[in-house]
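Each remark here refers to the structure printed beneath this line.
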Amino acid sequence: MKQFPLKLVSRRMLAPTVGHYVFQRDDGEPLDYIPGQFIQIHFQYADGTTTKRSYSLATIHDHALGPGEAVEIAVSYVPGGAATALFEGLADGDTVQASGPFGRFCLMPADANRRYLLIATGTGVTPYRAMLPQLEQQIRERGIEAVLLFGARTPAELLYGDEFRAFAERVPGFRFVPCFSRELPAQPHPDVRHGYVQQFIDEFAPDGAGDIAYLCGNPNMVDACFEALKGYGLPVPQIRREKYVSSK
């Protein structure tokens, strides 16, 4: 497995415990990826044991222009976590070792659906950020619709919320439905919901003939939504899943 260096360009906090990191591939090669894929960051524990963590690419890039060099990921900070210590200790210009991209959690060229139901919790929303240019193209060319149901506890934890809201306002055919389990924003948009994402699947009347669903994030949410969507008659190949299991 070929590893390559990523140099930190910038970082900012997306939420109290989630950082957005912008890297650049530092070996002169482009990073050719399909939106929805992930990379692995390789590092060592304090005792010298090698380990790795997987991060979905959040990079928004127009792939019609060819591959790019930017690599953007969202990193959840876990108290006492080895990966957290690595990322918190990085300064601009520092490098980490990476490999990839990997994974098949992607929009498929042969998809002939009428609608995408994109469901996420936490950092599970990052692959959908990378898919926005593809979704805009498909909405324009195929006339599809896309709904993003995104679960967060509080407004402060709604990762990339402003970007998704702006995209929904700019692109008819895309709906952004944030679902808050703990507290609502002060002036909620009409598409804001109070509760867990799985509680609101019914509202969108999933349909096995026209829908393809993507589930990414907390394993309990993924399992609950998977069962609910099967109950609506979605065939298993039309429910694409990626579970995020946090590890130290």
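Descriptive notes on the structure:
- Residue 66 satisfies every condition listed in (1) out of contact with any Leu (no Cβ under 6 Å at 6 or more places or on another chain); (2) modelled with pLDDT of 90 or more except (2).
- When the stretch 7-39 is filtered for residues that are touching a Ser or Thr at 6+ places or on another chain (Cβ under 8 Å), open to solvent by less than 30 Å² (accessible area, probe 1.4 Å) and of a type in the set (D, E, K, R), nothing remains.
- Considered as a group, the residues in the stretch 118-137 that are within 13 Å of residue 179 (Cα to Cα) and of a type in the set (Val, Ile, Thr) include one that is surrounded by the most Cβ atoms within 10 Å (Cβ to Cβ), and that residue is 119.
- Within the stretch 93-117, considering residues that are part of a strand (DSSP E or B) and among the aromatic types (Phe, Trp, Tyr), the one least open to solvent (accessible area, probe 1.4 Å): 116
- Unique residue being assigned to a helix (DSSP H, G or I) and within 20 Å of residue 132 (Cα to Cα) when the list is 227, 203, 242, 169: 169
- When each of 178, 235, 219 is tested for being free of Cβ contacts under 8 Å to residues at least 40 places away in the same chain, within 24 Å of residue 132 (Cα to Cα) and surrounded by fewer than 17 Cβ atoms within 10 Å (Cβ to Cβ), the lone residue that passes is 219.
- Options 13, 1: the member that is in contact with a strand residue (DSSP E or B) (Cβ under 7 Å, 6 or more places away or on another chain) and either among the hydroxyl-bearing types (Ser, Thr, Tyr) or not in a strand (DSSP E or B) (or both): 1
- Residues of the stretch 205-226 satisfying the condition of being over 18 Å from residue 125 (Cβ atoms) and in contact with a helix residue (DSSP H, G or I) (Cβ under 9 Å, 6 or more places away or on another chain): 206, 208, 211
- Residue ID - most open to solvent (accessible area, probe 1.4 Å), chosen from residues in the stretch 142-166 that are under 21 Å from residue 75 (Cα atoms) and in a helix (DSSP H, G or I): 162
- Any pair with Cβ under 6 angstrom, 6 or more apart, that starts in the stretch 94-120 at a residue that is at positive phi and ends at one that is assigned to a strand (DSSP E or B): 100/39; 100/40; 103/38
- Residue match in the stretch 194-214 (condition: of a type in the set (A, V, I, L, M) and within 20 Å of residue 160 (Cα to Cα)): yes
- Scanning the stretch 78-98 finds one or more residues that are more than 17 Å from the chain's Cα centre (by Cα), aromatic (Phe, Trp, Tyr) and either at pLDDT 95 or above or farther than 21 Å from residue 216 by Cα (or both).
- Residues that are under 9 Å from residue 174 (Cα atoms) and among the β-branched types (Val, Ile, Thr), drawn from the stretch 145-158: 147
- Taken over the stretch 40-54, the criterion of being free of Cβ contacts under 8 Å to residues at least 60 places away in the same chain and surrounded by 18 or more Cβ atoms within 10 Å (Cβ to Cβ) is satisfied by 41 alone.
- Subset of the stretch 62-92 [acidic (Asp, Glu) and surrounded by 15 or more Cβ atoms within 10 Å (Cβ to Cβ)]: 69, 72
- Top-ranked residue of the stretch 181-200 - restricted to ones that are in a loop (DSSP other than H, G, I, E, B) and open to solvent by 90 Å² or more (accessible area, probe 1.4 Å), ranked as nearest to residue 139 (Cα to Cα): 190
The values are calculated or read from the model by the stated rules, or taken from the named source; none is laboratory data. Every value quoted in this text rests on a predicted model; they were computed, and no experiment measured them. Every residue, glycine among them, receives a Cβ derived from its backbone with ideal geometry; neighbour counts consider all protein chains shown. All accessible areas refer to the heavy atoms of the entire protein, side chains included, with ligands and DNA or RNA removed. Shrake-Rupley method; radii C 1.70, N 1.55, O 1.52, S 1.80 Å.
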